[in-house]
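*Asks:* Sending over a structure as structure tokens; questions will come in a sec.
The values are calculated or read from the model by the stated rules, or taken from the named source; none is laboratory data. Fair warning: this is a prediction, and the values are worked out from it, not measured in the lab. Cβ coordinates were reconstructed from backbone atoms using ideal geometry, including for glycine residues, and neighbour counts include every protein chain displayed.
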Amino acid sequence: MTTTLRALLGATAIVAFAGTAMAETTITVATVNNGDMVRMQGLMDDFNAKHPDIKVEWVTLEENVLRQNVTTDIATGGGQYDVITIGTYEVPIWGKQGWLASLNDLPAEYDVDDLLPAIRGGLTVDGNLYASPFYGESSMVMYRKDLMEAAGLTMPDAPTWADIEKAAAAMTNKEAEIYGVCLRGKAGWGENMAFLTAMSNSFGARWFDEAWNPQFDSPEWKATLEFYLNLMNNYGPPGASNNGFNENLTLFNQGKCGMWIDATVAASFVTGKDSTVADKVGFALAPDNGLGKRGNWLWAWSLAIPASSQKQDAAKTFINWATNKDYLALVASKEGWANVPPGTRSSLYANEEYAKVPFAKMTIDSINSADPNAPTVQPVPYVGVQFVAIPEFQGLGTTVGEIFSAALAGQKTADEALAEAQAAVTDEMTATGYIK
Amino acid sequence: MARAHSPRRLWLTTIAAWTVALIIFFPVLWMILTSFKTEASAVAMPPEFLGADWTLENYVEVWGRSDYPRFFWNSVVIAVGSTLLGLLIAIPAAWSMAFVPGKRTKDLLMWMLSTKMMPAVAVMVPIYLLFLQFGLLDTRIGLVLVLMLMNLPIIIWMLYTYFKEIPGEILEAARMDGASLWNEIVYVLTPMAIPGIASTMLLNIILAWNEAFWTITLTTTKAAPLSAFIASFSAPQGLFYAKLSAASAMAIMPILILGWFSQKQLVRGLTFGAVK
Amino acid sequence: MSTQSTRLAARFMVAPSVILLFIWMIVPLAMTAWFSFRLYRLLSPDRTGWVGVNNYVWFFNSPDFWLALTNTLLLVGGVLLITVVLGILIALLLDQPIKGQGVLRILVIAPFFVMPPVAASIWENLFMHPQNGLFSAIARGFGAQPILFLESYPMPSVIGIVAWEWLPFATLIFVTALQSLSSEQLEAAEMDGASAFNRFRFIILPHLTRAITVVILIQTIFLLGIFGEIFTTTQGGPGSASTTLPYMIFKQAIVAKDIGRAAAGGIIAVILANIVAYFLMRGIGRHLDA
């Protein structure tokens, strides 16, 4: 009798407790201000209908500001955010520090095995999935079919760098303000160095040898940088040392670029409503040099939960909603298949409807051809295709990026730039104890 | 003006002054015009003036994409709050420095200004840690405090120079009449100092409104003001010149309107009592 | 009379300001000084410890340091020069009889109301952009090659943008100063046959001395800390051509997440600012008669 009563009371207490806990949880979600993330905010009605007990507050910021705020918060245990948007670079480092909550216990409907292996591998540390990919990207060649045709050329599906140079030369018409190739030149580890590091892989170059000695004095880096500078000086737009992803996207959409080698997500923008060349764009894999590696990167913007968050259950519910298969179907039904966040799930690429999207195949082929664990021809001690997953890389990459950007602006020769980069990185790696 | 001016000279100076003023104002004007163009028209070459493709679309989209009223209200609370709190603390200080100066008053003033010399980025982590410790992150009161302390030296400096202009004899006379210190401040000093206080207030509201480092670093959602609103629009996937212009216009418009309505006070305030 | 009690009251009234500002100055300063001798990287919390003066040594040995120092002084000096000279000229013009004074003044103040990041982005994207900017359109209109402002002339471009932001401030102070200049004095000089230049040199300029002092002092304090405009436009480049000391600190704190080095940079910046302030006060402080 008493035991039953107690059990009953206990049960009521649990229900009551659960009731208050369910009452309403407000979670703060930090996102980048890119199109896919903004679209998600427009689809919140669906989430609110399914989870009326969770209220989502958005913090939408420009990428650099977001990274700055989120990093400061997580490193000082601020606990301001419940869900954060972070990249493939941060996840392994932060996961190792114990700053992120493991997502291994997401519900079965999340179907973790559906995630693309290359992307999933980059977000897993010691068997723990620390972030759920919202969209994944590689890089590829986007080119103007009409200009290629006018020049009497065809772009192979898997071009070499020599093909790119030939095409750039043929399409450039400076009088008409058409530049054969637009590439990133703006300094930054996530701007010009993302491109150049990925490109250097296809030339057989690497940041470090197995003993963490910088390799900028290698002939491979010299070949990479000289080829890049030559290409940009002859066929690139003026002022390219200030052009990052956004600037190049605008130029390409205005019809001022013959080719643009950049993120696969850009495909939906250059074929979208803001583009003046939407129906004239072709896609090809990032170029190679016959060494078995292509110059494409691998990146995923992913949702993660800081270990300092007090509302991890609600945060997991949200992440499951935003990154599972149903969400992809929801976007497709509301905005069309071309606007579905790409590059995260195998099932999407098995979908016949999605296969009709012009850039679908090239995107998945690009992603599949990148290998973060063996990014370049020679062995390396680090993980990452267009970055080196060590905490010091943001600083290093930006320093080297500035030196290379100066070379593009004509302030330095390739040799001077490489010598400077080698010296700067050697100093830093010695100071931080990598080089014994 | 005692001097007589020929009409020809009047027209010459008018034309010259307007040309200069329009050149200075042009970037703002161009931004506002751009905000009413379609994206295609905004980047058209050659630039389009009258023949541009005008639209309100950018404002509709910017408005729809974020909670502008909340950012706006936070800006108002933070800018006005920090200024009022600053005045509350600064008025007594400036009063006593102006009317009961000591040997070190000038040094004290300079020392106060020198507290503004530490670059904000260098103390970012210390301040962040302090805010975290005291639970002030993402609170309006936290930002009110920071901006108040940042601008306090300027407020004191401005008030000090205004109070200096008030002839001491008037206060002497009031004191002779047996007015208490409190009465002296409330009935004699304050009415005479109102224009100076008003312009100090205006200038500091503008400085606080335009602050864009701490207001972004120390906030997430609840206390984020218009500077954070702008940070969510800069460079979103391709440079949407027109939308960026619209967001920028929305961020500066309230303060621009306030400034225009109060420009007489402001002109006085901006002199810092640089003239007697 | 209650002089004694008034003095006491005065002390009490200054106290809150002094105490608050002292705390506001000393606490972050002490923390920064502490960090500046430590290895403190946000992303490597497991590696910490005392590093002596290593962080300072890093700054002094950095190939960018002396350039950054020069650029900082160049930025402050350049903006001061432009705003003071143009400010006085514009103020002289605005002091003339003009139709529409009120509206005119509003137009001239407007840049002061624009948030610095917005100002920088207007200039970068709508004016200096090599393909889409208005300047490039004008250059093309004359059949010339567009000037690559941010690539070829990064420092002058940044100085120009910052000067535009601060010009209204200087102009208005000078306008108000001119208004208090007695016209009788000028007329008398004119009667005596003094040339326009001499009238400016011997009557107007001396009258403006105090205003110029205030402009220089206040602007220097603000200009020494500027980095936002550089971040928005040139990111300190190309290379490090437009890197200033605050921007260098910004890169250590925000990009490299090396708080120890950023703190050392902060201490160096405070020392530099005090040196500049010392010379300012020696040079022009006497005009202040505060």
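*Asks:* Condition check: more than 7 Å from every other protein chain (Cβ to nearest Cβ), small (Gly, Ala, Ser) and closer than 19 Å to B:ASN210 by Cβ. Does C:ALA144 satisfy that?
*Replies:* no
*Asks:* Run A:SER333 past the list (1) more than 17 Å from the chain's Cα centre (by Cα); (2) in a loop (DSSP other than H, G, I, E, B); (3) assigned by TED's automatic domain parsing to the domain that holds A:ILE305 and report the number of the one that doesn't hold.
*Replies:* Of (1) more than 17 Å from the chain's Cα centre (by Cα); (2) in a loop (DSSP other than H, G, I, E, B); (3) assigned by TED's automatic domain parsing to the domain that holds A:ILE305, only one is false for A:SER333: (2).
*Asks:* Any residue at all in segment B:135-149 that's out of contact with any Cys (no Cβ under 8 Å at 6 or more places or on another chain), at pLDDT 90 or above and within 30 Å of C:PRO130 (Cα to Cα)? First the steps, then the outcome.
*Replies:* Keep residues of segment B:135-149 that are out of contact with any Cys (no Cβ under 8 Å at 6 or more places or on another chain), which gives B:135-149.
Checking the rest, the ones that are also at pLDDT 90 or above come to B:135-149.
Subsequent filtering for residues that are within 30 Å of C:PRO130 (Cα to Cα) retains none.
Among the residues of segment B:135-149, not one is out of contact with any Cys (no Cβ under 8 Å at 6 or more places or on another chain), at pLDDT 90 or above and within 30 Å of C:PRO130 (Cα to Cα), which makes the answer no.
*Asks:* Still on this structure: Can you go through C:LEU29, C:LEU42 and tell me which one is closer than 30 Å to A:TRP99 by Cα, of a type in the set (A, V, I, L, M, F, W, C) and in contact with a Lys or Arg (Cβ under 6 Å, 6 or more places away or on another chain)?
*Replies:* Step by step, each of C:LEU29, C:LEU42 is checked, and only C:LEU42 is closer than 30 Å to A:TRP99 by Cα, of a type in the set (A, V, I, L, M, F, W, C) and in contact with a Lys or Arg (Cβ under 6 Å, 6 or more places away or on another chain).
*Asks:* Can you tell me which residues in segment C:71-85 are within 20 Å of C:HIS207 (Cβ to Cβ) and surrounded by fewer than 18 Cβ atoms within 10 Å (Cβ to Cβ)?
*Replies:* Correct list: C:VAL85 only.
*Asks:* Quick one: B:ILE24 ticks every box in (1) within 13 Å of chain C (Cβ to nearest Cβ); (2) under 19 Å from B:ILE255 (Cα atoms); (3) touching a residue at least 40 places away in the same chain (Cβ under 8 Å); (4) aliphatic (A, V, I, L, M) bar one, so which box is it?
*Replies:* For B:ILE24, the failing item is (3).
*Asks:* Provide a single number: the residues in segment C:76-132 that are farther than 30 Å from A:THR250 by Cα, small (Gly, Ala, Ser) and at the interface with another protein chain (Cβ under 9 Å from one of its Cβ atoms).
*Replies:* Counting residues in segment C:76-132 that are farther than 30 Å from A:THR250 by Cα, small (Gly, Ala, Ser) and at the interface with another protein chain (Cβ under 9 Å from one of its Cβ atoms) gives 2.
*Asks:* Just checking, how many residues over segment B:39-86 are within 14 Å of chain C (Cβ to nearest Cβ), of a type in the set (Ser, Thr, Tyr) and surrounded by fewer than 21 Cβ atoms within 10 Å (Cβ to Cβ)?
*Replies:* Of the residues in segment B:39-86, 1 are within 14 Å of chain C (Cβ to nearest Cβ), of a type in the set (Ser, Thr, Tyr) and surrounded by fewer than 21 Cβ atoms within 10 Å (Cβ to Cβ).
*Asks:* Please find, among A:PHE195, A:PHE203, the residue that is at pLDDT 95 or above, under 23 Å from A:GLY395 (Cα atoms), crowded, with 20+ Cβ neighbours inside 10 Å and of a type outside the set (A, V, I, L, M). Spell out the reasoning first.
*Replies:* Working: A:PHE203 fails: under 23 Å from A:GLY395 (Cα atoms).
So the residue among A:PHE195, A:PHE203 that is at pLDDT 95 or above, under 23 Å from A:GLY395 (Cα atoms), crowded, with 20+ Cβ neighbours inside 10 Å and of a type outside the set (A, V, I, L, M) is A:PHE195.
*Asks:* Is it true that some residue in segment A:53-63 is touching a residue at least 24 places away in the same chain (Cβ under 8 Å), outside any strand (DSSP E or B), surrounded by 21 or more Cβ atoms within 10 Å (Cβ to Cβ) and of a type in the set (Val, Ile, Thr)?
*Replies:* The answer is no, given that none of the residues of segment A:53-63 is touching a residue at least 24 places away in the same chain (Cβ under 8 Å), outside any strand (DSSP E or B), surrounded by 21 or more Cβ atoms within 10 Å (Cβ to Cβ) and of a type in the set (Val, Ile, Thr).
*Asks:* Related question: For segment A:262-292, enumerate the residues that are under 16 Å from the mean Cα position of the chain (by Cα), of a type in the set (A, V, I, L, M) and closer than 27 Å to B:ALA44 by Cβ. Before the answer, list the steps.
*Replies:* Start the filter on segment A:262-292 by keeping residues that are under 16 Å from the mean Cα position of the chain (by Cα), which leaves A:262-269, A:286.
Filter again for of a type in the set (A, V, I, L, M), leaving A:263, A:265-267, A:286.
The answer is A:ALA263, A:VAL265, A:ALA266, A:ALA267.
Per-residue answers, yes or no, for (1) crowded, with 22+ Cβ neighbours inside 10 Å; (2) assigned to a loop (DSSP other than H, G, I, E, B); (3) not aliphatic (A, V, I, L, M):
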position: C:ARG199; (1), (2), (3): no, no, yes
position: C:PRO206; (1), (2), (3): no, no, yes
position: C:LEU217; (1), (2), (3): no, no, no
position: C:THR220; (1), (2), (3): no, no, yes
position: C:ILE230; (1), (2), (3): yes, no, no
position: C:PRO238; (1), (2), (3): yes, yes, yes
position: C:PRO246; (1), (2), (3): yes, no, yes
position: C:ALA277; (1), (2), (3): no, no, no
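*Asks:* Would you call B:ARG8 of a type in the set (D, E, K, R), assigned to a helix (DSSP H, G or I) and either over 21 Å from C:VAL118 (Cβ atoms) or in contact with a His (Cβ under 8 Å, 6 or more places away or on another chain) (or both)?
*Replies:* The answer is yes for B:ARG8.
*Asks:* Restricting the search to segment B:112-141, which residues are outside any helix (DSSP H, G or I), surrounded by fewer than 21 Cβ atoms within 10 Å (Cβ to Cβ) and in contact with a Pro (Cβ under 9 Å, 6 or more places away or on another chain)? Give the steps one after another, and end with the answer.
*Replies:* If we filter segment B:112-141 for residues that are outside any helix (DSSP H, G or I), which is where we start, we get B:115-119, B:134-139.
Narrowing the set further to residues that are surrounded by fewer than 21 Cβ atoms within 10 Å (Cβ to Cβ) leaves B:115, B:117, B:134-136, B:138-139.
Selection gives B:THR115 alone.
Per-residue answers, yes or no, for (1) assigned to a helix (DSSP H, G or I); (2) touching a residue at least 60 places away in the same chain (Cβ under 8 Å); (3) farther than 26 Å from C:SER62 by Cβ:
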{"site": "A:ALA370", "(1), (2), (3)": "no, yes, yes"}
{"site": "A:PRO391", "(1), (2), (3)": "no, yes, no"}
{"site": "A:VAL400", "(1), (2), (3)": "yes, yes, no"}
{"site": "A:LYS412", "(1), (2), (3)": "no, no, no"}
{"site": "A:LEU418", "(1), (2), (3)": "yes, yes, no"}
{"site": "A:ALA424", "(1), (2), (3)": "yes, no, no"}
{"site": "A:TYR434", "(1), (2), (3)": "no, yes, no"}
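*Asks:* Taking the condition away from chain C (no Cβ under 12 Å) and within 30 Å of C:ILE267 (Cβ to Cβ), does B:VAL125 pass?
*Replies:* On the way: away from chain C (no Cβ under 12 Å): no; within 30 Å of C:ILE267 (Cβ to Cβ): yes.
The answer is no for B:VAL125.
*Asks:* If only one of C:LEU42, C:LEU75, C:LEU81 is among the aliphatic types (A, V, I, L, M) and modelled with pLDDT under 90, which one is it?
*Replies:* Criteria check complete, one pass: C:LEU42.
*Asks:* Also, I was wondering about something else. Search segment C:2-17 for residues being more than 7 Å from every other protein chain (Cβ to nearest Cβ) and not basic (Lys, Arg), and hand back the single one that is farthest from the chain's Cα centre (by Cα).
*Replies:* Start the filter on segment C:2-17 by keeping residues that are more than 7 Å from every other protein chain (Cβ to nearest Cβ), which leaves C:2-5, C:8, C:11-12, C:15.
Then drop every residue that is not not basic (Lys, Arg), which leaves C:2-5, C:8, C:12, C:15.
Numbers: C:SER2: 44, C:THR3: 41, C:GLN4: 42, C:SER5: 42, C:LEU8: 38, C:PHE12: 34, C:ALA15: 30 Å.
In this case the residue turns out to be C:SER2.
*Asks:* Would you pick out the residues in segment A:377-408 that are surrounded by 23 or more Cβ atoms within 10 Å (Cβ to Cβ) and among the charged types (D, E, K, R)?
*Replies:* A:GLU402 - this is the single residue of segment A:377-408 that is surrounded by 23 or more Cβ atoms within 10 Å (Cβ to Cβ) and among the charged types (D, E, K, R).
*Asks:* Turning to a different aspect of this structure: Residue by residue through segment B:148-188, note down the ones that are surrounded by fewer than 21 Cβ atoms within 10 Å (Cβ to Cβ) and more than 12 Å from every other protein chain (Cβ to nearest Cβ).
*Replies:* Hits for segment B:148-188 are B:ILE166, B:PRO167, B:GLY168, B:GLU169, B:ILE170, B:ALA173, B:ALA174, B:ASP177, B:ASN183, B:VAL186, B:TYR187, B:VAL188.
*Asks:* Residues in segment C:181-199 that are under 34 Å from the mean Cα position of the chain (by Cα) and free of Cβ contacts under 8 Å to residues at least 12 places away in the same chain: how many?
*Replies:* 5
*Asks:* Taking segment C:242-256, which residues are facing another protein chain (nearest Cβ under 8 Å) and within 19 Å of the chain's Cα centre (by Cα)?
*Replies:* Within segment C:242-256, C:LEU245, C:PRO246, C:ILE249, C:PHE250 qualify.
*Asks:* Looking at segment A:141-216, what helices (runs of 4 or more DSSP H) fall wholly within it and have at least 3 residues that are without any contact (Cβ under 8 Å) to a residue 40 or more places away in the chain, outside the structural domain of A:THR264 (by TED's automatic domain parsing) and not aliphatic (A, V, I, L, M)?
*Replies:* In segment A:141-216, no matching helices (runs of 4 or more DSSP H) lie anywhere.
*Asks:* What pairs come out if I take residues in segment C:266-279 that are touching a residue at least 12 places away in the same chain (Cβ under 8 Å) and pair them with residues that are polar (S, T, N, Q) and crowded, with 17+ Cβ neighbours inside 10 Å whose C-beta lies under 6 Å away, six or more apart or interchain?
*Replies:* Listed by first residue and then by second, the contacts come to C:GLY266/C:THR32; C:ILE267/C:SER36.
*Asks:* Scan A:ALA355, A:ALA374 and give me the residue that is surrounded by fewer than 22 Cβ atoms within 10 Å (Cβ to Cβ) and more than 20 Å from the chain's Cα centre (by Cα).
*Replies:* Every option except A:ALA355 fails the conditions.
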